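The values are calculated or read from the model by the stated rules, or taken from the named source; none is laboratory data. None of these values were measured; they are calculated from a predicted model. Virtual Cβ from ideal backbone geometry, glycine too; neighbours counted across all protein chains shown. Note: areas computed on protein heavy atoms with side chains; ligands, DNA, RNA excluded. Shrake-Rupley method; radii C 1.70, N 1.55, O 1.52, S 1.80 Å.
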Amino acid sequence: MKKLKSTKEFKRLTNEEFSYDHPCLSWQKWGPYVSERSWGSVREDYSENGDAWNYLPFDKAHTKAYRWGEDGIAGFCDHNQLITLTFAFWNHKDPILKERLFGLSAPQGNHGEDSKEVYYHLEAVPTHSYMKYLYRYPQKEFPYQKLIDENAKRTTKDREYEIVDTGIFDDDAYFDIVIEYAKAKEEDIYVRVEITNCAKNPAILDVIPQLTCRNRWSWDPGKSKRPTIRSYKPAGEYLAAVCDFTKADPVFDPPFHYNHEKIYFYADEGADILFTENDTADPENWYEVKNEAPKYAKDAFNRYIVKGEKCLPKEPKGTKMGLHYRDLKFEPGEKKLIELRLTSKQDDASPLLSLKNTLSQRREECDEFYEALYPEKASDEDKKIQRAALAGLLWNKQFYHYRLNKWLKGENPEKLPPESRQLGRNHAWKHLFPRDVMMVCDAWEYPWFAAWDMAFHAQAMGMIDMQFAKNQVWLMHTIKFQHPNGQLPGCEWDFSDINPPLLPWAALQLFLKEQHDTGKGDHSFLMRCFHKCLLQFSWWVNHVDSQGENIFEGGFLGLDNITLFDRSSEKHYVEQSDGTGWMGMLCLVLMRIALCLSEKESSYEPLAVLFFQHFVYIKKALQEPRKGKASLWNEEDGIFYDVTRDEKGVYHQLKVRSIVGIIPLFASCYINKEEIDKLSIFRRGFYSFLDDKDSICKECAQEVQKEGKSYFLFSLVTKQQFTKVMEHVWNPDEFLSDYGIRSLSKYHEKNPFTFDGKTIGYEPGESLERIKGGNSNWRGPIWMPINYLLLKSLNTFEFLFGDSIKVTPPNQKPTSLGKIREGLRSRLLDLFRLKKGRRAYLNSEFEQTHENFRDNFLFYEHFDAETGRGLGANHQTGWTALVAKLVEDEHEY
């Protein structure tokens, strides 16, 4: 930490006062906050039936003005997205400009939605003072229809058909377009675009940097005012434009003062300046825009450049501007540069020359920052993996805007959306109104937040920007998001879907990390979160325990396809081992938070007692047989199962060996007995409860001696149960893969489980069934967050019991918990490490053997348990960014 504090980037990040009401530092006022996809999203869906993909598909995206946020390639914008800088390209072969990334909708893809482009988030630092992005653009016609048609032919038994499978990159006939941002000051940004012809033949390319004012005027006809972008002639030999916001609507309650009235844009000569309006081309086809077709529309550049139409205004102004570098001719291997500047200060004399040194300075500072962050003994390979994961996490920050009450009603009284929307998707979340920069799961595939994803995002973000990580966790608990009944929104597709209650855990982990790194924990942050977590806890107790027996149903819990049927369905009553495990973990987390807060205020101690007591009741319900009901623990099999009730009221264990049965292990922690004895109120309540209850209670807080000190182990499982479950986990014939822990035991490959006419078997890759979630699959693949939480539990048991616990799967040698921990972490890192010239996660032989593809990292949503190849979203540097934590942890123990 001392080395990190000395870096220029860290000083920039921490040189201003931070508050939770105004959390954004001025150096973060501008950043990569532009989504990589707004089309096909819930926010832009005003359909009658909630079919977001077909309401606004890709082939309409260039004609439709977005209501809630812009999209584009390598975009940069201010914190409220008043104006965006994005890039468009044309290879003189494509039928449309390449303005945004293409991919398949969930109905089109044989495994759900899927980006079909090649791009990489190469570099990033937390203040966004330096950012680097690579877009790989084919020189042949982009295979839009081929990708659609071929995937339509394929079933869930087939692999996805990716763009590299089309052969379009085989002869290196592509441009590598590297876009770099370097801030000279908070609102002074130098932009460098380097284009390389990677082909063996000459090639031609048009490049169109675009400034776009987010449309805030079409949704309140006649009342809202537009900003204006105009070109002008500066004194030097440059191109110049100014975006004037003086007559536009002010920003409501920004996180910091918006002191600019004008934004200036500079470029070298050599481009034509184009203008149009950021308006919908055919507004009569859309509900929310006034019924008046604009003369100049959002798609004008596409029609002008590609189709040769005369569709641009004569007067050099508009709300969308493009610099058209036309017919750039490239010899084989040739590079060309385009330099730009975006600034709040007018500098007509030498707008680009004055920033020539900025880029090299910021590159050096980026190197300095990460060199200080790397663990001292980390290999060069692990350093590259860690740095790439954190860069992707930072590039996946996004301006997230959604006033749900307005969205439900529509905003044009003359053309209202269908009444069916009032009882459709997310209708119970009318209070939700974010307008914030957030960490999203994947800025193309999942360009929205998800509650339990956010908990893992924050762990990796806390390594490089603790304040932003804490702000994100707190933001989810504010009135902008948390329902008055206490529930936190799951994800945009259905806010009412229940996600595991992990944000309290995230808050605690950030508190403990900051305390460890700096010697001082942020009690104010923890207290704020804790008060709102009490509401979430109350919601779970009152809504997810229908029988009042401390066994939790939970429903979906993010684990798509993990069992025989959709667990959110009202047709099935399921007592869930994972739901109960998550709730036990929540009780322990809230107990520990209350104890941390008790260091400053003793009034939190009774709450710590309350959560300990509730934890005991959950463990008792989880462990003991209940009259006429099946237990969740199976002593003979040594694992937990879900329990379902049939139409006759008979309870059955669903004997599916999955991560559902491992999650109860996550509810574990230890506390030094000396710490407990210092807290008089908690001590009395804790020991009194232990004395009054039976053996189950004593198992909940087992006293363990270690090196002359006494610790209490709090756990939903006994030492013996932990060992039994771990015998499944560490068995190569069950959960243990060469690349981590499978989500379903390989036992079911030869022993599929059948119940009520339905069968589930082991599937190491994409799911064959689409029970819930188009490309989601928990029937075997490896998921980084579950593996990470298991590592946390291993740390707890290893610390207390050391080598006294040996895990001995059938036909295997006894293995200590330390060896298991090291082995599991190494397996997860082996997904990315270069071994024998290959990276396991890559999907094709082409990527494995082509260095330009192999050595730029992608971070997939989950991974094939047999081969390690990446599955699902391929820029999911949300929870898969946990690999950066693995590199950190590798050298911490």
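Any idea how many residues of segment 495-531 are among the charged types (D, E, K, R), outside any helix (DSSP H, G or I) and surrounded by 17 or more Cβ atoms within 10 Å (Cβ to Cβ)? Let's see the steps before the verdict.
Applying the first criterion (among the charged types (D, E, K, R)) to segment 495-531 yields 497, 513-514, 517, 520, 522, 528.
With the extra rule that they be outside any helix (DSSP H, G or I), the set shrinks to 497, 520, 522.
From what is left, the residues that are surrounded by 17 or more Cβ atoms within 10 Å (Cβ to Cβ) are 497, 522.
Summing the residues that are among the charged types (D, E, K, R), outside any helix (DSSP H, G or I) and surrounded by 17 or more Cβ atoms within 10 Å (Cβ to Cβ) in segment 495-531 gives 2.
Restricting attention to segment 228-244, which residues are open to solvent by 90 Å² or more (accessible area, probe 1.4 Å) and either at positive phi or not in a loop (DSSP other than H, G, I, E, B) (or both)? Spell out the reasoning first.
Our first condition is that a residue be open to solvent by 90 Å² or more (accessible area, probe 1.4 Å); within segment 228-244, this holds for 230, 233, 235, 237.
Selection gives Arg230 alone.
Find the residue count for segment 807-820, including only residues that are open to solvent by 20 Å² or more (accessible area, probe 1.4 Å) and touching a residue at least 60 places away in the same chain (Cβ under 8 Å). I'd like the intermediate steps shown before the answer.
Let us first name the residues in segment 807-820 that are open to solvent by 20 Å² or more (accessible area, probe 1.4 Å), namely 808, 810-815, 819.
Okay, now just the ones that are also touching a residue at least 60 places away in the same chain (Cβ under 8 Å), so 808, 810, 812, 815.
Residues meeting the conditions: 4.
Which pairs have Cβ atoms under 8 Å, sit 6 or more apart or on different chains, and link a residue in segment 302-314 that is at positive phi to one that is open to solvent by less than 70 Å² (accessible area, probe 1.4 Å)?
none
Among the residues of segment 339-378, what is the count of those that are in a loop (DSSP other than H, G, I, E, B), over 30 Å from Met463 (Cα atoms) and acidic (Asp, Glu)?
Number of matching residues: 2.
Condition (residue is surrounded by 22 or more Cβ atoms within 10 Å (Cβ to Cβ), among the polar types (S, T, N, Q) and under 28 Å from Val544 (Cα atoms)) applied to segment 477-492: is it met by at least one residue?
Yes.
It is to be established whether one or more residues within segment 442-449 are under 14 Å from His401 (Cα atoms), within 16 Å of the chain's Cα centre (by Cα) and open to solvent by 10 Å² or more (accessible area, probe 1.4 Å).
yes
Considering every residue within segment 647-656, establish whether at least one is open to solvent by 10 Å² or more (accessible area, probe 1.4 Å) and on the phi > 0 side of the Ramachandran plot.
Yes: segment 647-656 contains one or more residues that are open to solvent by 10 Å² or more (accessible area, probe 1.4 Å) and on the phi > 0 side of the Ramachandran plot.
For Glu309, only one of the following conditions fails: (1) closer than 20 Å to Ala241 by Cα; (2) part of a loop (DSSP other than H, G, I, E, B). What is its number?
(1)
For segment 203-227, how many residues meet the condition of being more than 15 Å from Tyr137 (Cα to Cα) and either part of a loop (DSSP other than H, G, I, E, B) or touching a helix residue (DSSP H, G or I) at 6+ places or on another chain (Cβ under 7 Å) (or both)?
Number of matching residues: 14.
Specify the residue that is farthest from Phe456 (Cα to Cα); the eligible residues are those in segment 469-483 that are part of a helix (DSSP H, G or I) and among the polar types (S, T, N, Q). So that I can check it myself, show each step before the final result.
Here is the first cut: in segment 469-483, the residues part of a helix (DSSP H, G or I) are 469-475.
So of that shortlist, the ones also among the polar types (S, T, N, Q) come out as 471-472.
Values: Asn471: 14, Gln472: 11 Å.
My answer is Asn471.
For segment 191-202, indicate whether the set of residues that are part of a loop (DSSP other than H, G, I, E, B) and hydrophobic (A, V, I, L, M, F, W, C) is non-empty. It would help to see each step written out before you state the result.
Step one: list which residues in segment 191-202 are part of a loop (DSSP other than H, G, I, E, B), which gives 198-202.
Still in the list and also hydrophobic (A, V, I, L, M, F, W, C): 198-199.
Yes, some residue in segment 191-202 is part of a loop (DSSP other than H, G, I, E, B) and hydrophobic (A, V, I, L, M, F, W, C).
Scan the strands (runs of 3 or more DSSP E) fully inside segment 44-130 and keep the ones with 3 or more residues being open to solvent by 10 Å² or more (accessible area, probe 1.4 Å) and touching a strand residue (DSSP E or B) at 6+ places or on another chain (Cβ under 8 Å). Steps first, please.
Details: elements: 73-78, 83-90, 119-124.
Strands (runs of 3 or more DSSP E) meeting the threshold: 119-124.
Exactly one condition in (1) assigned to a loop (DSSP other than H, G, I, E, B); (2) under 31 Å from the mean Cα position of the chain (by Cα); (3) loosely packed, with under 14 Cβ neighbours inside 10 Å is false for Lys298; which is it?
(3)
Residue by residue through segment 827-848, note down the ones that are assigned to a helix (DSSP H, G or I) and touching a residue at least 12 places away in the same chain (Cβ under 8 Å). Spell out how you get there, then give the answer.
Taking segment 827-848 as the starting set, the residues that turn out to be assigned to a helix (DSSP H, G or I) are 827-829, 845-848.
Passing the criteria: Arg827, Leu828, Leu829, Phe846, Glu847.
If the requirement is being assigned to a strand (DSSP E or B), in contact with a Phe, Trp or Tyr (Cβ under 8 Å, 6 or more places away or on another chain) and either open to solvent by 30 Å² or more (accessible area, probe 1.4 Å) or under 20 Å from Asp94 (Cβ atoms) (or both), which of these qualifies: Phe142, Phe175, Phe169?
Numbers: Phe142 fails: assigned to a strand (DSSP E or B); Phe169 fails: assigned to a strand (DSSP E or B).
Result: Phe175 is the single residue among Phe142, Phe175, Phe169 that is assigned to a strand (DSSP E or B), in contact with a Phe, Trp or Tyr (Cβ under 8 Å, 6 or more places away or on another chain) and either open to solvent by 30 Å² or more (accessible area, probe 1.4 Å) or under 20 Å from Asp94 (Cβ atoms) (or both).
Please work out which residue is most open to solvent (accessible area, probe 1.4 Å), limiting yourself to segment 180-227 and to residues that are basic (Lys, Arg) and within 24 Å of Arg363 (Cα to Cα). Explain how you work it out, then say what you get.
Within segment 180-227, the subset basic (Lys, Arg) is 183, 185, 192, 200, 214, 216, 223, 225-226.
If we keep only those that are within 24 Å of Arg363 (Cα to Cα) too, we end up with 183, 185, 192.
Working: Lys183: 1, Lys185: 129, Arg192: 43 Å².
Checked segment 180-227; the qualifying residue most open to solvent (accessible area, probe 1.4 Å) is Lys185.
How many residues does segment 245-269 contain that are at pLDDT 95 or above and open to solvent by 30 Å² or more (accessible area, probe 1.4 Å)?
The number of residues fulfilling the criteria is 0.
So Ala873 fits all but one of (1) open to solvent by less than 10 Å² (accessible area, probe 1.4 Å); (2) at pLDDT 95 or above; (3) of a type in the set (A, V, I, L, M, F, W, C); what number is the exception?
Ala873 satisfies all of (1) open to solvent by less than 10 Å² (accessible area, probe 1.4 Å); (2) at pLDDT 95 or above; (3) of a type in the set (A, V, I, L, M, F, W, C) except (2).
Could you name every one of the helices (runs of 4 or more DSSP H) located completely within segment 682-762 that has at least 3 residues being modelled with pLDDT under 95? Steps first, answer last, please.
Details: elements: 695-700, 719-729, 747-750.
It comes to 695-700.
If we keep just the residues of segment 356-373 that are of a type in the set (A, V, I, L, M, F, W, C) and more than 15 Å from Leu337 (Cβ to Cβ), which is surrounded by the most Cβ atoms within 10 Å (Cβ to Cβ)? Before you say what the answer is, go through the steps one by one.
Going through segment 356-373, the residues of a type in the set (A, V, I, L, M, F, W, C) turn out to be 359, 366, 369, 372-373.
Then drop every residue that is not more than 15 Å from Leu337 (Cβ to Cβ), which leaves 366, 369, 372-373.
Numbers: Cys366: 23, Phe369: 25, Ala372: 16, Leu373: 23.
Residue satisfying both the conditions and the ranking: Phe369.
So how many residues does segment 27-43 have that are in contact with a Ser or Thr (Cβ under 6 Å, 6 or more places away or on another chain) and either of a type in the set (Val, Ile, Thr) or surrounded by fewer than 23 Cβ atoms within 10 Å (Cβ to Cβ) (or both)?
Matching residues across segment 27-43 total 2.
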